[in-house]
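*Asks:* Here you go, one structure.
The values are calculated or read from the model by the stated rules, or taken from the named source; none is laboratory data. All figures in this text were calculated on a predicted structure; none of them were measured in a lab. Here the Cβ positions follow ideal geometry from the backbone for every residue, glycine too, while neighbour counts run over all protein chains shown. Side chains included, ligands, DNA and RNA excluded: accessible areas come from the protein's heavy atoms. Shrake-Rupley method; radii C 1.70, N 1.55, O 1.52, S 1.80 Å.
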Amino acid sequence: MVAIALFLATCFLAYSNGANDNFKGVASLYGSKAAGYRVSIAWATVTTFAGAITAIFLAQALLK
C-alpha cells in the first residue's frame, strides 16, 4: 500500500513539474504576442516530446 501511494505521489510530482517547465521554453513567444496560447503550448509539447525521444536514443548509445 505504501509503494502504491509513493508511486502515485511521484507521478503527481513529475506531472506538476513537467507542466510548469513545459511552458517556460515558449513563454517569450506568448509574452511577445508572436504566437497565441494554443500555438505556444503546441510548440512546447512537440519540442519536449522530440527532446525526450532524442534523449532515449542518446542514452541507448551511451549504454552500449
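*Asks:* How do the pairs read when you match residues in region 22-33 that are closer than 11 Å to Thr45 by Cα with residues anywhere that are not in a helix (DSSP H, G or I) and not acidic (Asp, Glu), using Cβ under 8 Å and keeping only pairs 6 or more apart or on different chains?
*Replies:* That search, which allows pairs on different chains as well, returns Val26/Ala35.
*Asks:* Ala44: in a helix (DSSP H, G or I), open to solvent by less than 60 Å² (accessible area, probe 1.4 Å), in contact with a helix residue (DSSP H, G or I) (Cβ under 9 Å, 6 or more places away or on another chain) and small (Gly, Ala, Ser), yes or no?
*Replies:* yes
*Asks:* Please work out if Ser16 is out of contact with any strand residue (DSSP E or B) (no Cβ under 6 Å at 6 or more places or on another chain) and at pLDDT 90 or above.
*Replies:* no
Residue-wise test of (1) in a helix (DSSP H, G or I); (2) open to solvent by less than 90 Å² (accessible area, probe 1.4 Å); (3) not hydroxyl-bearing (Ser, Thr, Tyr).
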{"residue": "Ala3", "(1), (2), (3)": "yes, yes, yes"}
{"residue": "Leu6", "(1), (2), (3)": "yes, no, yes"}
{"residue": "Leu13", "(1), (2), (3)": "yes, no, yes"}
{"residue": "Asn22", "(1), (2), (3)": "yes, yes, yes"}
{"residue": "Tyr30", "(1), (2), (3)": "yes, no, no"}
{"residue": "Ser40", "(1), (2), (3)": "yes, yes, no"}
{"residue": "Ala50", "(1), (2), (3)": "yes, yes, yes"}
{"residue": "Ala59", "(1), (2), (3)": "yes, yes, yes"}
{"residue": "Leu62", "(1), (2), (3)": "yes, no, yes"}
